[in-house]
Amino acid sequence: MTTVDALPVYTVAPFVAMLLAIAVCPLWMPHWWESNRNKMVVSAALGLPILALYSVRRPGALLSMAEEYVSFIVLLGGLYVIAGGILLRGDLAATPLTNTAFLGLGSLLASLVGTTGASMLLIRPLLQTNRERTHVRHTVIFFIFLVSNIGGMLTPLGDPPLFLGYLQGVPFTWTLRLWAHWGIQVAVLLALYFVWDARQYTREPLAALRRDRTQLEPLRVRGALNAIWLGLVVLAVAFLGEPWREVVIVALAAISLWRTPGAVRRANGFTAYPIVEVAVLFFGIFLTMMPALELLRVRGGELGVREPWQFFWASGILSSFLDNAPTYLTFLALGQGLGLAREVVGVPHAILAAISVGAVSMGANSYIGNAPNFMVKSIAEEQGVKMPSFFGYMAYSGGVLLPLFVIVTFVFF
């Protein structure tokens, strides 16, 4: 068997091409890229050479990666199916306090049902609540910041990179160490949002405010039984190992599909498309990143990234434009290759915290930093909200988030 350090550097090329495809194709070829079949073609074309290489040279590593891929997709699919069976409807008074409460609730739910699940559960009732208002764009942008990204920091269920860390051996409760990182970011953003929305509220036409006060509808929940299945998923991930963990999650998802009325899922706009998209893209990502991860473990010390603040910004900047899950694994492998204190999965706690917070938080910097970002944007535009362009959104994230990340750097890293 060929040793890890014998892998040539050019074997990283398919991984680089895969990440570039994910970043560039949605912008340059949006209609072509919409097809999951085309995504599968790209994943297969780039991943199969690595599959052939590892089948011959390192079949054990290939088998381990396959097991992680299955666990990853089963968890995401289970959360997506179960959360998609919960329908929250209503039209509250769209005051700054109400909107801030929505964002705060979403920031908590994101760590329990995942950023995708929380985003899909709350974005429609939030838009329904604000349908009479004329200034809504900023609310959706802060929703992406908080619910679709930063909120999912406290458990491995919250965001895909954290679950991949769990599969790598990070204890399930380790992410609770990030409560202060989560808390300061959520508190600052909620306070800033409240002030921003209060100012926008005073600019609303009087007719819009009158309609908002008269066209009220209390919040109603359908499919609430799915909350039990979500709780059982959390317990399965926390206390069961593979393959029983995956068996239980699949069974709970099947029960959710069986017991939830089809009308609830149709009202949620539930389709298989998003989870199929994740499955086909990560087929290519998991395969192509194998040489990159191994080379980083062996030669990572040559890159000069050693301090927590460097890991925070390096993992975060890449997570802004590439998928944050492979970015997390890439920098975890880099940290493991430095020969530092092996406090958790081969790295110091401070390094793992920096990678985790950077990957999760900075996924909010662009529409392509995390999967829910584009989904929320699309739903908002369907509801008539004029969302900013790709670079227009980055003007918001740069003005709001980058100063916050500087504060996080000085406080924690």
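The values are calculated or read from the model by the stated rules, or taken from the named source; none is laboratory data. Nothing here was measured: the structure is a model prediction, and the numbers come from that model. Note that we place each Cβ from the backbone using ideal geometry, even for glycine, and neighbour counts take in every protein chain shown. Keep in mind that these areas ignore ligands, DNA and RNA; they rest on the heavy atoms of the full protein, side chains included. Shrake-Rupley method; radii C 1.70, N 1.55, O 1.52, S 1.80 Å.
Before moving on, here are some points about what is shown:
- For the chain, the fraction of 1.4 Å probe accessible surface lying on carbon and sulfur atoms is 69 percent.
- Structure-derived Cα Rg over 2.2 N^0.38 Å - corresponding label in [x] 1.03; [y] 1.10; [z] 0.98: [z]
- Computed over the stretch 24-148, relative contact order equals 22 percent, with contacts defined as Cα pairs under 8 Å that lie 6+ residues apart.
- Summed over the residues of the chain and divided among them, the accessible surface reaches 41 Å² per residue at a probe radius of 1.4 Å.
- Viscosity 1.306 mPa s, 10 °C: Kirkwood-radius Stokes-Einstein D of the stretch 120-163 over Cα pairs, µm²/s: 137
- Against the main long axis of the alpha-carbon atoms of the chain, helix 244-259 sits at an angle near 30°.
- Estimated FRET transfer efficiency (ALA45, GLU382; beta-carbon r; R0 35 Å; 0.05): 0.60
- 3J(HN,Hα) couplings calculated from phi for the stretch 303-311 with the Karplus curve 6.51 cos²θ - 1.76 cosθ + 1.60 (θ = phi - 60°) are, in sequence order, 7, x, 9, 9, 8, x, 5, 5, 5 Hz; Gly and Pro show x.
- Sequence-distant contacts, meaning Cα pairs under 8 Å at least 6 residues apart, place the relative contact order of the chain at 24 percent.
- Angle in degrees between helix 137-146 and the longest Cα principal axis of the chain, rounded to the nearest 10: 40
- Cβ-defined net charge surrounding SER119, 13 Å radius [Lys, Arg +1; Asp, Glu -1]: +1
- Rounded to the nearest Hz, the phi-derived 3J(HN,Hα) couplings of the stretch 70-85 under the Karplus curve 6.51 cos²θ - 1.76 cosθ + 1.60 (θ = phi - 60°) are 4, 4, 4, 5, 4, 5, 4, x, x, 5, 5, 5, 5, 5, x, x, where x marks glycine and proline.
- Net charge of Cβ neighbours under 15 Å - reference PRO171; Lys, Arg +1; Asp, Glu -1: +2
- Neighbourhood charge, 13 Å Cβ-Cβ cut-off, centred on GLU246 and excluding it, Lys, Arg +1 and Asp, Glu -1: -2
- Of LEU192, LEU162, LEU329, the residue with the greatest mean-square motion in the GNM of the chain, using alpha carbon springs below 10 Å, is LEU192.
- Less than 5 angstrom separates the built amide H of LEU92 from those of THR129, GLU217, all sequence-distant by 5 or more or on a different chain.
- Computed from Cα atoms, the angle from the helix 324-336 axis to the main principal axis of the chain rounds to 40 degrees.
- Rounded FRET efficiency, nearest 0.05, which uses the C-beta distance separating VAL24 from ARG57 and R0 of 41 Å: 0.85
- Using R0 = 41 Å, the C-beta based FRET efficiency linking ALA13 and ALA198 works out to 0.20.
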